[in-house]
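Asks: One structure, pasted below without further comment.
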Amino acid sequence: MKTFPESFTWGAATASYQIEGGAHAEGRGESIWDRFARQPGKVYKQQNGEIACDHFHRYKEDVQLMADLGIQSYRFSFAWPRLFPQEGRFNPEGLEFYKRLLDELEAKGITPSATIYHWDLPTWLQDKGGWTNRETVEHFVTFAKVLFEEFGSRINSWITHNEPWCAAFLGYGFGVHAPGHTDWNEALIASHHLLLSHGKVVELYRSMGLKGEIGITLNLSPAVPATESPEDAAAVERSDGFANRWFLDPLFKGSYPQDMLRLYENRFGILNFIKDGDLETISVQNDFLGINYYSHNIVGADDENDVLGARNISETVNVTDMGWGIHPDSLYHLLTRIKMEYTDIPLYITENGAAFPDQKVNGKVEDYERIKYLHDHFAAAHRFIEDGGNLQGYYVWSFLDNYEWAFGFSKRFGIIYVDYETLERTPKESYKWYQKVIKSNQIVTRRDGNRKNELGEVFEEAQ
């Protein structure tokens, strides 16, 4: 058996646009994802989150499922357009859903962990440039101030941003997320403003004398070389600078990595959007760091990539339904790196999970691949804790099958199956397995390395 510390937090995570629905309820305005999803070819089958899982109306049922699961904490996000549907107009009614949700969580003894921004920027802000406009930083501070004033005494764990790399580079650089722009210079500006807004909101939180904790969540992916060639080794360094160090260094070292500054300035010119004092603000002390981990990246040199000179190489075996390779050991190495190179503040896995092509058969969803995935990643986390690592909790992604951004409803990450026609919820076998892990606060140790036996042992745990 591998037993976790008594104080360890087990949780599950979601995001507003992915599950809430209620797109026009209680005065909610339009988000960039509402607009993006209407554009042909941007989202799988042009699906959108107007209904999603209808959590807006079914939250009591969902919170009961959380209570039955036994999680101590639930991570959710606020929908910015509910509170500020138009420029200059605060919508008090937009708070009501979250009041009801918090009431229900409190009644069930579940601690909330709130993400302020999980990608659903109001379109009126995007029309002014979105995260490329420095004014958006101050609008974000205003948004956060309302949340702190209303919920600061009810929520003790705050995450400013979820995955700023995605918001910046997938949204403004590669065009595969809202708002769908393909301009690397815009992406760099957006990444800086996202980090700057984080720092300003942390400063605001401190100035208000609130007694909880505040941090940020980064999606981090270790980069490994495709071959032993020096070209691939150099490509790995650039890839790591792009995906990881560009965010970790300013947050924890107060500076952008010099090699990436040189690379970007050689390509795009002086990065004059970085103003005096910005990095001091960005590097304000965090109470914790949230880490979203799904896989590592196999990287090779690529002369056709005119920015990074690197490319990610797709894996074909032992992958999830997203095509992401399954590498739990990389989670251990990532956590160890954070501890050794950056910080010893508390760490949380704020997302980890896997999409598989789940099917409901005779009323059951036998997602044993997901059980194995979670088991092995929990084991990697436990190994880090045994080594003295300051990992305080683990949030499984996702509580429900949901709207998976540009993939629409085609990818299922949930430990609860959602029938998108009827919206019926069915706990999967992984839910039942996780329920036992939480109750016992431990996982079964594998007896040998034979994969068939390993799977069989995990199956036995789930019965």
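The values are calculated or read from the model by the stated rules, or taken from the named source; none is laboratory data. Everything numeric here is computed off the predicted structure, so don't read it as measured data. Because the Cβ atoms are built from the backbone with ideal geometry, glycine has one as well, and the counts that use them run over all protein chains shown. Just the protein is used for accessible areas: all its heavy atoms, side chains included, with ligands, DNA and RNA removed. Shrake-Rupley method; radii C 1.70, N 1.55, O 1.52, S 1.80 Å.
Asks: Of the residues Ala144, Ala178, Ala107, Ala168, only one is of a type in the set (A, V, I, L, M), in contact with a Ser or Thr (Cβ under 7 Å, 6 or more places away or on another chain) and modelled with pLDDT of 95 or more; which? Even if it seems obvious, please write down each step before you answer.
Replies: Numbers: Ala144 fails: in contact with a Ser or Thr (Cβ under 7 Å, 6 or more places away or on another chain); Ala178 fails: in contact with a Ser or Thr (Cβ under 7 Å, 6 or more places away or on another chain); Ala107 fails: in contact with a Ser or Thr (Cβ under 7 Å, 6 or more places away or on another chain).
The unique qualifying residue is Ala168.
Asks: When the stretch 279-330 is examined, which residues are found to be within 19 Å of Ala354 (Cα to Cα) and among the hydroxyl-bearing types (Ser, Thr, Tyr)?
Replies: Of everything in the stretch 279-330, those that are within 19 Å of Ala354 (Cα to Cα) and among the hydroxyl-bearing types (Ser, Thr, Tyr) turn out to be Tyr293, Tyr294, Ser295, Ser314, Thr316, Thr320, Ser330.
Asks: Please specify each residue of the stretch 124-151 satisfying the condition of being open to solvent by 10 Å² or more (accessible area, probe 1.4 Å) and either more than 16 Å from Leu95 (Cβ to Cβ) or not in a helix (DSSP H, G or I) (or both).
Replies: Answer for the stretch 124-151, where residues must be open to solvent by 10 Å² or more (accessible area, probe 1.4 Å) and either more than 16 Å from Leu95 (Cβ to Cβ) or not in a helix (DSSP H, G or I) (or both): Trp124, Gln126, Asp127, Lys128, Gly129, Thr132, Asn133, Arg134, Glu135, Glu138, His139, Val141.
Asks: Right, here's the next one. What's the total number of residues in the stretch 1-43 that are within 30 Å of His382 (Cβ to Cβ) and assigned to a helix (DSSP H, G or I)?
Replies: Qualifying residue count for the region: 2.
Asks: In the list Glu163, Glu149, which residue meets the criterion of being of a type in the set (D, E, K, R) and over 19 Å from the mean Cα position of the chain (by Cα)?
Replies: The match here is Glu149.
Asks: Going by what's in this entry, would Glu228 be described as over 23 Å from Leu335 (Cα atoms), surrounded by fewer than 21 Cβ atoms within 10 Å (Cβ to Cβ), free of Cβ contacts under 8 Å to residues at least 60 places away in the same chain and touching a helix residue (DSSP H, G or I) at 6+ places or on another chain (Cβ under 7 Å)? Step through it out loud before you land on a result.
Replies: Details: over 23 Å from Leu335 (Cα atoms): yes; surrounded by fewer than 21 Cβ atoms within 10 Å (Cβ to Cβ): yes; free of Cβ contacts under 8 Å to residues at least 60 places away in the same chain: yes; touching a helix residue (DSSP H, G or I) at 6+ places or on another chain (Cβ under 7 Å): no.
So Glu228 does not fit the description; no.
Asks: Shifting gears a bit: Before we move on, is Phe247 in contact (Cβ under 8 Å) with a residue 12 or more places away in the chain, closer than 17 Å to Gly290 by Cβ and open to solvent by less than 20 Å² (accessible area, probe 1.4 Å)? Step through it out loud before you land on a result.
Replies: Details: in contact (Cβ under 8 Å) with a residue 12 or more places away in the chain: yes; closer than 17 Å to Gly290 by Cβ: yes; open to solvent by less than 20 Å² (accessible area, probe 1.4 Å): yes.
When the stated conditions are applied, Phe247 passes them.
Asks: Just for the stretch 414-459: of the residues that are modelled with pLDDT of 95 or more and among the β-branched types (Val, Ile, Thr), which one is most open to solvent (accessible area, probe 1.4 Å)?
Replies: Per the stated criteria, the residue is Thr422.
Asks: A further question follows. Which condition from (1) part of a helix (DSSP H, G or I); (2) of a type outside the set (D, E, K, R); (3) within 19 Å of the chain's Cα centre (by Cα) is the one that Trp158 breaks?
Replies: Evaluating Trp158 over (1) part of a helix (DSSP H, G or I); (2) of a type outside the set (D, E, K, R); (3) within 19 Å of the chain's Cα centre (by Cα) leaves (1) as the failure.
Asks: Look at the stretch 341-377 and say how many of its residues are part of a loop (DSSP other than H, G, I, E, B), in contact with a strand residue (DSSP E or B) (Cβ under 7 Å, 6 or more places away or on another chain), open to solvent by less than 40 Å² (accessible area, probe 1.4 Å) and farther than 14 Å from Tyr434 by Cβ.
Replies: 4
Asks: Here's something else I'd like to know. Please go through the stretch 250-280 and give me each residue that is open to solvent by 70 Å² or more (accessible area, probe 1.4 Å), of a type outside the set (A, V, I, L, M) and either within 21 Å of Leu331 (Cβ to Cβ) or outside any helix (DSSP H, G or I) (or both), ordered by number.
Replies: Across the stretch 250-280, the qualifying residues are Asn272, Lys275, Asp276.
Asks: Working carefully through the options Val224, Val236, find the one that is assigned to a strand (DSSP E or B) and within 26 Å of Asn352 (Cα to Cα).
Replies: Being assigned to a strand (DSSP E or B) and within 26 Å of Asn352 (Cα to Cα) holds for just one of Val224, Val236, which is Val224.
Asks: Given the condition among the small types (Gly, Ala, Ser) and open to solvent by 20 Å² or more (accessible area, probe 1.4 Å), answer yes or no: does some residue in the stretch 201-217 qualify?
Replies: Within the stretch 201-217 (the criterion being among the small types (Gly, Ala, Ser) and open to solvent by 20 Å² or more (accessible area, probe 1.4 Å)), the answer is yes, since at least one residue qualifies.
Asks: List every residue pair whose Cβ atoms sit under 7 Å apart, with the two residues 6 or more apart in sequence or on different chains, where the first one lies in the stretch 44-68 and is among the small types (Gly, Ala, Ser) and the second, anywhere, is open to solvent by 40 Å² or more (accessible area, probe 1.4 Å).
Replies: Here the result reads Ala67/Lys108, each pair linking the stretch 44-68 to a residue that is open to solvent by 40 Å² or more (accessible area, probe 1.4 Å).
Asks: Can you tell me which residue is most open to solvent (accessible area, probe 1.4 Å) among those in the stretch 378-413 that are more than 19 Å from Thr320 (Cα to Cα) and in a loop (DSSP other than H, G, I, E, B)?
Replies: Asp387
Asks: State all residues of the stretch 22-41 that are under 13 Å from Tyr403 (Cβ atoms) and either out of contact with any Lys or Arg (no Cβ under 9 Å at 6 or more places or on another chain) or hydroxyl-bearing (Ser, Thr, Tyr) (or both); if no residue qualifies, say none.
Replies: Matches in the stretch 22-41: Ala23, Ser31, Trp33, Asp34, Ala37.
Asks: Further, regarding this structure: Taking Ser191 as meeting all but one of (1) of a type in the set (Ser, Thr, Tyr); (2) under 28 Å from Pro112 (Cα atoms); (3) in a helix (DSSP H, G or I); (4) in contact with a His (Cβ under 8 Å, 6 or more places away or on another chain), write down the number of the exception.
Replies: (4)
Every residue, every condition in (1) part of a helix (DSSP H, G or I); (2) in contact with a strand residue (DSSP E or B) (Cβ under 8 Å, 6 or more places away or on another chain); (3) surrounded by fewer than 20 Cβ atoms within 10 Å (Cβ to Cβ), yes or no:
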position: Lys45; (1), (2), (3): yes, no, yes
position: Ala52; (1), (2), (3): no, no, no
position: His57; (1), (2), (3): yes, no, yes
position: Glu61; (1), (2), (3): yes, yes, yes
position: Gly94; (1), (2), (3): yes, no, no
position: Lys99; (1), (2), (3): yes, no, yes
position: Thr115; (1), (2), (3): no, yes, no
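Asks: A follow-up question, please. May I ask you to list pairs of residues, at least six apart or on different chains, whose Cβ atoms are under 8 Å apart, with the first in the stretch 387-400 being within 22 Å of Ser77 (Cα to Cα) and the second being of a type in the set (Lys, Arg)?
Replies: Tyr395/Arg75; Leu400/Arg425
Asks: Sticking with this structure for a sec: Would you confirm, using the coordinates I've provided, whether Asp62 is among the acidic types (Asp, Glu) and within 18 Å of Asn402 (Cβ to Cβ)?
Replies: yes
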